[in-house]
2 protein chains.
Amino acid sequence: METTLKTIKQPLTDLEIANRAELRPIVDIAEKAGIPEEAVEQYGRYKAKIDVKKLPKTTKNGKVVLVTAISPTPAGEGKSTVTVGLADALSQLGNQTMVALREPSLGPVMGMKGGAAGGGYSQVVPMEEINLHFTGDLHAITTANNALSALIDNHIHRGNSLNIDPRRITWKRVLDMNDRALRHITVGLGGPANGVPREDGFDITVASEIMAILCLAKDIDDLRTRLSNIVIGYTYDKEPVYVKDLDVQGALTLLLKDALKPNIVQTIGGTPAMIHGGPFANIAHGCNSLMATLTAKKLSDIVVTEAGFGSDLGAEKFMNIKSRQGGFQPDAVVIVATVRALKMHGGVPKDKLKAENVQAIVAGLPNMKKHIETIREFGIEPVIALNRFTADTENELNAVMGWCHDNGVKAAITEVWEHGGTGGLELGKAVMQQLDQHVDFQFLYDVEDAFEDKVRKIVQKVYGGQDIHFTDQALKQLVDIKRNGWDVLPVCMAKTQYSFSDDPKLLGRPEGFTITVRELIPKLGAGFIVCLTGDIMTMPGLPKVPAAMNMDVDHEGNAVGLM
Amino acid sequence: METTLKTIKQPLTDLEIANRAELRPIVDIAEKAGIPEEAVEQYGRYKAKIDVKKLPKTTKNGKVVLVTAISPTPAGEGKSTVTVGLADALSQLGNQTMVALREPSLGPVMGMKGGAAGGGYSQVVPMEEINLHFTGDLHAITTANNALSALIDNHIHRGNSLNIDPRRITWKRVLDMNDRALRHITVGLGGPANGVPREDGFDITVASEIMAILCLAKDIDDLRTRLSNIVIGYTYDKEPVYVKDLDVQGALTLLLKDALKPNIVQTIGGTPAMIHGGPFANIAHGCNSLMATLTAKKLSDIVVTEAGFGSDLGAEKFMNIKSRQGGFQPDAVVIVATVRALKMHGGVPKDKLKAENVQAIVAGLPNMKKHIETIREFGIEPVIALNRFTADTENELNAVMGWCHDNGVKAAITEVWEHGGTGGLELGKAVMQQLDQHVDFQFLYDVEDAFEDKVRKIVQKVYGGQDIHFTDQALKQLVDIKRNGWDVLPVCMAKTQYSFSDDPKLLGRPEGFTITVRELIPKLGAGFIVCLTGDIMTMPGLPKVPAAMNMDVDHEGNAVGLM
């Protein structure tokens, strides 16, 4: 293995690997997944939407493997890559498998990240189409979000019979773009013909409540009901104003009717992949759509899916929000860790990661240990996927695997970037063993718990913190939330992904900390109350040299410069 | 005929007619049009993009029939409906025919108009998909336009090495939405992390120069060149700043690579229809894409296409801009007129249009006569399509047809809304006769003419006006345009569509008027200089009761309330 790695002088980019993959027509992939042709709406040759109404009735109810990670670091952990590689491995091991992922946001593609569809030989393809406009879901969400904004401003301009206070409109416009200049703007300038002047701002599309709604809706009627329940702001009397008051939920539903249909593509290994929905993992719940996950459960024996960031954010919300609303539970959980990230949690700066440093790994392991404990709080015994990078040494890998062995934690080294599913067979076997175990799943809190108790349980059991503190502003908002009866909703924590605490600099396993809740944002359509802790960015900016600078189209019409 | 009309008590809506139409799979329509399967990229079952690189070589060079109209009035003329009906009629008459239309903008669909894909039994289908997200072209243009905006603001925020003057950025953001509150905004507020504060505004997507560019590009390399030539603003030294200075033309091309491929759908009558691109007919040239028209010419004997508004706007630009850049010419021109519109030009207000009024028609005919003269200026003898509405009386229809007969103008009554192609057979025959005639086509001006002379020729020969007047601002801009060597580009007039003059209230055939040019806007990517006359709206607003209020999705997942 080591030899093979060294002979690769100039490894191919993800895009090059994706472009060299031999794709099968999506109708063949769909047929293999048990999807009849009449349910397949092709978008080009290699991607399609599924009309779930046309799927055959089935009693199949596949098991769900959730892939999460230790606290992310700039070193990278490769969670999507492991998710795809594990699905391919499970396919190779004879299971009818499907992978369910979030769809990438175009804004970050133009900015920092390039693409987001796995990596190396564990990618979903066609990579460039998935990373650009795909099947238009994000564009539909942008359109619905901004149609609502235009309808709100038009309502005020045309007499404001609902008595909406323009200073208390909480519904913002969105673009699928990293555009810091749109964070804080004033609109309606230039005289009476141009509406009522007010402060506003744009978020990135994945931060739109409509994205969260699309990802939690069970069908088109549920979608309409959720859209009608969105609170867009407050009247001069501080009463909430709903979309149903504006009576435009029908138009928004119409704009979203095709976006609600799950998308199917394939992995390089040929496993069917549902890529659908991609809400932020901080101010939203950070998982692909419920429609995709539930559809995949009906079509396969094992569904491999992921949730955003570490187990403290994405996985917690996967269980307490998505699983609860969807009426299912994960049957196994994989925690992705890397030698590099553990070294950073052990105190090594990013530019010193290449040198072997077993001591730093040992110092960083408490972070992984806490993630294991967190998953156990839900009644599930996790499996560690140690995702190997080329610079990792045997001593370093042994340090992690040895710790797992000594502490009775199932673990496997994965080499899925380089070898696809074949590099994930050990992990696949470990997961299959785990799926044979009985799981006594439990939510962390009941929705009927007092609101503060729900937050405290997350902080204590998931983050390992000591207590919570609500700012005066948050306390005031909580009074209003209770008065409106909204406190029975689940909690959606918005916290830095870099630390269990609300201080991004506290890596490893901080203890004894208090989480400060600064602001509460009711998301009545999505069905949760966002708890803001620390600064959460809902509109990213572009870096000094945006990824866009390297992009182009070659003479064959193929993308160049997507990473 | 008259009897049939009266028995229809409750005529079906356009959406109901479209939904009841039996559509053929788009691969069958494409095959009928001579498009091999490998060139067809399906978007669902009934729409597709065409990869023109995969079309077979052919020497076919179909004739082009341009459909234009008399000066539009609120009474409506049904130009798209006649375009579709004529194409179906020509198909019925044994010609291999294709129709090429603009794609609708979603913003107006939510606002005033409902859909825009013909009407009655002369529609392109699937109507609801064409009117909503279609194949995502407008979303791609929105994204590319706003990516450029974000990259400009990021450049300034990151040190502004190009010395761009934030007060002189002419590149605006866009949304495919009627949203008056975004016309005039300030961006970059909230402190140094959020960019540089400046004035900005959003146009509707169809007003983006990128839309005009997409519609005039011959291939992907031409697209990239045009994008690189866009002027986004000026430096502090008042020198133009191009996209190529920012070096992001590659990324913009990548975002547009699929949008550049023409879309194919079908008419209710089964004629293949290219629907691709839809630039504004005032500040841009108002025709579907050159790619669609030229592709249709290679695939059919007759291409029926249209241009925005009356012959003074869309047709003039079709000839002087689109045909010139595309290296082809129209072989016949149809001018659509209606009894109702002629009555309005004859002085009848909108609420009195139902009463028979032959005298008003006679008073309105000079408007039609001037449109006939305008088309003759290009060396083409037009055919009048008198598009019948149910309330039109025999006396009224006879008044128009009699005038045409007496003046040696070919004319036919069309009933295409109610009868599809069968209602356009007379028009089809007249057009076929005209296509047998020799055409001695001529442009109205040479691009080498002095800039003022180009404008004057349009005003005198096309509008029938007396002279031109440039405001001081326009004169100053003309000096800069000449200094930069841009005055050799064609002229794109931005004028009210309601009158030959720049005063929308002067209906009929005004004479002796002067056109005031208020402002010149260089569009170096599109390849023309816009001459603004009067107030031109580039971001519409929503009406008191937006069309969105009536929209929804029924239990079968079909659209409700699109008009």
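No value in this document is a laboratory result; all are computed from the given coordinates. Values in this document were obtained by computation on a predicted structure and should not be read as measured data. Cβ: placed from backbone, ideal geometry, glycine included. Neighbour counts: every protein chain shown.
Where the eigenvalues come from the Cα gyration tensor of the protein assembly as shown, what are the semi-axes √(5λ) of the equivalent ellipsoid, largest first, in whole Å? Could the numbers behind the result be given before it?
Working: eigenvalues 609, 180, 165 Å².
Three semi-axes, in Å: 55, 30, 29.
Around A:Val99, under 10 Å between beta carbons, what's the net of Lys plus Arg minus Asp minus Glu among the other residues? The partial results should precede the final answer.
On the way: positive: none; negative: A:Asp88, A:Glu306.
Here the charged neighbours net out to -2.
May I ask you to list the residues of segment B:155-186 whose amide nitrogen lies under 15 Å from a point 7 Å from Cα along the Cα→beta-carbon direction of B:Val196?
Backbone N within reach: B:155-171.
Net charge within 14 Å of A:Arg340 by Cβ-Cβ distance, Lys/Arg positive one each and Asp/Glu negative one each, not counting A:Arg340 itself? Mind dumping the intermediate values first?
On the way: positive: A:Lys79, A:Lys343, A:Lys350, A:Lys352, A:Lys354, A:Arg388; negative: A:Glu77, A:Asp351, A:Glu356, A:Asp392, A:Glu396.
Here the charged neighbours net out to +1.
Where the convex hull is taken over the Cα atoms of segment A:54-98, what is its projected area averaged over directions, in nm²?
With the hull built on Cα positions only, its mean projection is 4.9 nm².
For A:Tyr43, enumerate residues with amide H under 5 Å from its amide H, sequence gap 5+ or separate chain, H modeled in the peptide plane.
Hits under the 5 Å cutoff: A:Ala48, A:Lys49, B:Gly44.
Would you work out if segment B:365-440 is rounded, prolate or oblate? Take a ≥ b ≥ c from the square roots of the eigenvalues of the alpha-carbon gyration tensor; rounded if a/c is under 1.5, else prolate when a/b is larger than b/c, oblate otherwise.
Since a/c reaches 1.5 but b/c is at least a/b, the shape of segment B:365-440 is classed as oblate.
If you find the alpha carbon centre of segment A:421-439 and of segment B:439-466, how far apart are they in angstrom?
76 Å
With both bridge residues required to lie in chain B, what share of the DSSP beta bridges run antiparallel, to the nearest 5%?
In chain B, approximately 45 percent of DSSP beta bridges are antiparallel ones.
Name the GluC sites (Glu not before Pro) in segment A:409-483 that are in a loop by DSSP and that have at most 15 other C-beta atoms within 10 Å, would you?
Numbers: sites: A:Glu415, A:Glu418, A:Glu426, A:Glu448, A:Glu452; in loops: A:Glu415, A:Glu448.
Those that pass, being in a loop and sparsely packed, are A:Glu448.
Quick check: the distance between the Cα centres of segment B:75-135 and segment A:245-301, to the nearest angstrom?
Going from one Cα centre to the other spans 32 Å.
Measure off 7 Å from each Cα along the Cα-to-Cβ vector at B:Leu162 and B:Lys505, then give the distance between these two points in nanometres to one decimal.
So the two model labels end up 4.4 nm from each other.
How large is the charge dipole for chain B, taken about the Cα centre, if only the Cβ atoms of Lys, Arg (+1) and Asp, Glu (-1) carry charge, to the nearest 20 debye?
420 debye
Under a Cβ-only charge scheme (Lys and Arg +1, Asp and Glu -1), can you give me the dipole magnitude of segment B:429-502 about the Cα centre, in debye to the nearest 20?
The dipole of segment B:429-502 has a size of about 200 debye.
Set the bar at 25 Å for Cα to Cα. Now go through A:Lys461/A:Lys505; A:Lys172/A:Lys457; A:Lys261/B:Lys298; A:Lys57/A:Lys218; A:Lys172/A:Lys505; B:Lys60/B:Lys523 and name every pair that lies beyond it.
A:Lys172/A:Lys457; A:Lys261/B:Lys298; A:Lys172/A:Lys505; B:Lys60/B:Lys523
From the label point of A:Glu199, set 7 Å along Cα to the beta carbon, how far off in nm is each other copy's matching point, shortest first?
2.3
Given the alpha-carbon gyration tensor of segment A:167-288, what are the semi-axes of its equivalent ellipsoid in whole angstrom, ordered largest first, with each equal to the square root of 5 times an eigenvalue?
After scaling each eigenvalue by five and taking roots: 31, 19, 13 Å.
With Cβ to Cβ distances under 9 Å as the rule, what net charge do the other residues near B:Arg167 carry (K, R +1; D, E -1)? Present the calculation step by step, with values, prior to reporting the outcome.
Details: positive: B:Arg168, B:Arg198; negative: B:Asp165, B:Glu199.
Within the 9 Å Cβ shell, the charges total 0.
Got a sec? How would A:Thr170, A:Thr538, B:Thr97 order by Cβ neighbour count within 10 Å, fewest to most?
Ordered from fewest to most neighbouring Cβ atoms within 10 Å, A:Thr170, A:Thr538, B:Thr97 come out as A:Thr170, A:Thr538, B:Thr97.
Fully extended, how many nm does the chain gain between B:Arg483 and B:Met537 (0.36 nm per residue separation, minus their Cα-Cα distance)? Don't skip to the end; give the middle numbers.
Working: separation 54, 0.36 × 54 = 19.44 nm, distance 2.88 nm.
Extending this stretch completely gives an extra 16.6 nm.
Distances from B:Glu381 to the same position in the other copies: list them in nm, one decimal, shortest first, using label points 7 Å from Cα along Cα→Cβ.
9.2
How would segment A:451-533 be classified by its alpha-carbon gyration tensor: rounded, prolate or oblate, with rounded meaning a/c under 1.5 and the a/b versus b/c comparison settling the rest?
Prolate, because a/c is 1.5 or more and a/b exceeds b/c.
Let a ≥ b ≥ c be the square roots of the eigenvalues of the Cα gyration tensor of segment B:208-253; is it rounded (a/c under 1.5), or, if not, prolate (a/b larger than b/c) or oblate?
Numbers: a/c = 2.87, a/b = 1.90, b/c = 1.51.
Here segment B:208-253 falls in the prolate category.
Go ahead and estimate [θ] at 222 nm for chain A from helices alone: -39,500 (n - 2.57) per DSSP H run with n ≥ 4, summed, over the residue count, rounded to 500.
Using -39500 (n - 2.57) per qualifying helix, the result is -9000 deg cm²/dmol.
Can you list the distances in nanometres, one decimal and ascending, from the A:His405 label point to the identical position in each other copy, with the point 7 Å along Cα to Cβ?
10.3
Dividing the alpha-carbon Rg of chain B by 2.2 N^0.38 Å yields what? Present the calculation step by step, with values, prior to reporting the outcome.
Working: Rg = 23.1 Å, N = 563, 2.2 N^0.38 = 24.4 Å.
Against the empirical 2.2 N^0.38 Å value, I get 0.95 for chain B.
Could you give the distance between the Cα centres of segment A:315-365 and segment A:488-537, to the whole Å?
18 Å
Order the peptides A:238-251, B:197-210, B:303-316, B:401-414 from the highest to the lowest mean number of other Cβ atoms within 10 Å of their residues.
Values: A:238-251: 18.8, B:197-210: 23.4, B:303-316: 27.6, B:401-414: 16.4.
Top of the packing list down: B:303-316, B:197-210, A:238-251, B:401-414.
Per residue of B:134-142, count partner chain C-beta atoms within 10 Å of its C-beta, then hand back the mean as an integer.
For this peptide, the per-residue mean of nearby foreign Cβ atoms is 4.
Could you give the nm distance between label points at B:Leu12 and A:Asp301, where each point is 7 Å from its Cα heading toward the beta carbon?
If labels sit at B:Leu12 and A:Asp301, their model points lie 4.9 nm apart.
Let's see if you can work this out: charge +1 on each Lys and Arg Cβ, -1 on each Asp and Glu Cβ, no other charges. What is the dipole magnitude of the protein assembly as shown about its Cα centre, in debye to the nearest 20?
660 debye
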